[in-house]
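Working notes, structure below.
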Amino acid sequence: MNDARRLVPRTDAVLADPRLESAQARLGRPVVRDAVRRAQQLARTGQISPAEVADAALASLPPRAAGLVPVINATGVLVHTNLGRAPLSPAARDAAAAAAGYADLEYDLGTGRRGRRGAALLAALARAVPDAQAVHVVNNNAAALVLVATALGAGREVVLSRGELIEIGDGFRLPELLASTGARVREVGSTNRTTLADYAAAIGPRTAFVLKVHPSNYRIEGFTSGVGIRDLAGLGVPVVGDIGSGLLAPHPALPGEPDAATWLRAGAAIVTASGDKLLGGPQAGLLLGRADLIARLARHPLARALRVGKLTVAALEATLAGPPPPVFRALAARPGQLAARAGRVAAALAAAGIDARPVSSAAAAGGGGAPGVELPSAAVSVPASLAVPLRCGEQVRGGAHPAVVGRLRGGRLLLDLFAVAQEDDGELVAAVLAAAGASRGGPR
Ligand SMILES: *Cc1c(COP(=O)(O)O)cnc(C)c1O
């Protein structure tokens, strides 16, 4: 045994360091023990001195017990599925935190008896969509479609245009999802053109409903025709409309994007939507529409398997009833405001010697909707060499800054401010400064 090896402090002795004891209370013992073992190994191989083991272990600890790293979304894609879709509003975060312990989820504090699960959420959703006779909430929009297809369509036919046989992403195909429920998909029309007569010819005694799906991630252009909800509703069978994005009412910044109120008024029996796209809330699936049908869905045994947890109940209610969520604030920003922010961020970085300049940019609504629609935006252009240190920011700097994900264009890294909350501009500047320091080999 060489000297260094003999001098390396034992695991128990290092773990007794008060700083590592408090880290164990925060992160759990195994994570801290692993960090100590890595530090001991560095000491054994002479990369650090035995006296530095506790410090090195402390420095390599993850910032929290879960691995998800907070990200500043400077991609210019507002609803970015890979980055967790919509950011929650402060009100929704507070509500979820308040519900994290025991909460009156199914309990009436006045009477001391059992209460209706999520009653306040359902009331808030009903208020937000007055055109819906009834509402129900499940885990996500895919779950909403599974529930509708199972409860209304099993053993029967769901009529769907060939132009709407969508793949949502990650290999997830709507026709396969429908088929898995025992419903038979009755395809009508062609990829680019489907007429009312095509639907009418397919409808018969086996028809459960007509499904109208908003193609949220592609566009069919050129020689096309489709049939709107109003005409479909005249066919005498229920029309289920999947709007995808979760806009409850028309939005001026996204004129082509369907919304629940418009489709319900046009005669849809049920509208389904996601909670974490343009609605700006937590992952959830909304079911809105006819009281008799929604009641059948809510009573179906599958509904229990698809129900949302208390964190979702709390965050979704706060999104609907509270102040506008970040997604809405971003859509309301004027290009001039974004340009002014980009100018200030670039100036702060340039003052610190970083090659940064404001540029105009085009943002997108993203996975949530409005395919092909460019939203005018502004970005800060910095050297592409900063992309990796910015992405790996949190690991490099022990959680001092969130990771920053931008977009590479023309050999530069663009930090698009469209999806960055204005309050986070200072944090963005600090993260770029730290990443520039790290990439110059400066202090970590
Ligand atoms: C995103 C999307 C879905 C899937 O919604 P999830 O909430 O992710 O399950 C279904 N249909 C359409 C049209 C969509 O845009």
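Counting the residues of the range 169-195 that are surrounded by 15 or more Cβ atoms within 10 Å (Cβ to Cβ) and in a loop (DSSP other than H, G, I, E, B) gives 5.
Among the residues of the range 155-200, those identified as at positive phi, free of Cβ contacts under 8 Å to residues at least 40 places away in the same chain and within 16 Å of the ligand (Cβ to nearest atom) are ASP170, GLY171.
To keep it simple, each residue is scored yes or no on (1) surrounded by fewer than 18 Cβ atoms within 10 Å (Cβ to Cβ); (2) assigned to a strand (DSSP E or B); (3) at pLDDT below 95.
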site	(1), (2), (3)
GLY353	yes, no, no
VAL382	no, yes, no
ALA387	no, no, no
LEU408	yes, yes, no
LEU414	no, yes, no
VAL420	no, no, no
VAL429	no, no, no
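Criterion applied to GLY222, GLY226 was being at pLDDT below 95 and within 16 Å of the ligand (Cβ to nearest atom), and the one residue passing it is GLY226.
With the condition kept exactly as written, say whether any residue in the range 244-258 is in contact (Cβ under 8 Å) with a residue 24 or more places away in the chain, acidic (Asp, Glu) and out of contact with any Gly (no Cβ under 8 Å at 6 or more places or on another chain). Before the answer, list the steps.
We begin by selecting, within the range 244-258, every residue in contact (Cβ under 8 Å) with a residue 24 or more places away in the chain; these are 244-248, 251, 253-254, 256-258.
Checking the rest, the ones that are also acidic (Asp, Glu) come to 257.
Those left that are additionally out of contact with any Gly (no Cβ under 8 Å at 6 or more places or on another chain): none.
Looking for residues that are in contact (Cβ under 8 Å) with a residue 24 or more places away in the chain, acidic (Asp, Glu) and out of contact with any Gly (no Cβ under 8 Å at 6 or more places or on another chain), one finds none in the range 244-258, hence no.
In the set (1) within 12 Å of the ligand (Cβ to nearest atom); (2) modelled with pLDDT of 95 or more, the condition left unmet by SER216 is number (2). Candidates are the residues of the range 238-253 that are under 16 Å from PHE328 (Cα atoms) and either of a type in the set (S, T, N, Q) or within 13 Å of the ligand (Cβ to nearest atom) (or both); the one that is surrounded by the fewest Cβ atoms within 10 Å (Cβ to Cβ) is LEU247. Restricting ALA350, ALA321 to those that are within 30 Å of ALA438 (Cβ to Cβ) and either of a type in the set (Gly, Ala, Ser) or within 16 Å of the ligand (Cβ to nearest atom) (or both) reduces the list to ALA350.
The values are calculated or read from the model by the stated rules, or taken from the named source; none is laboratory data. The shown structure was predicted, so the numbers you read here are calculated from the model rather than taken from an experiment. When we count neighbours, we look across all protein chains shown, and the Cβ atoms used for this are built from the backbone with ideal geometry, even at glycine.
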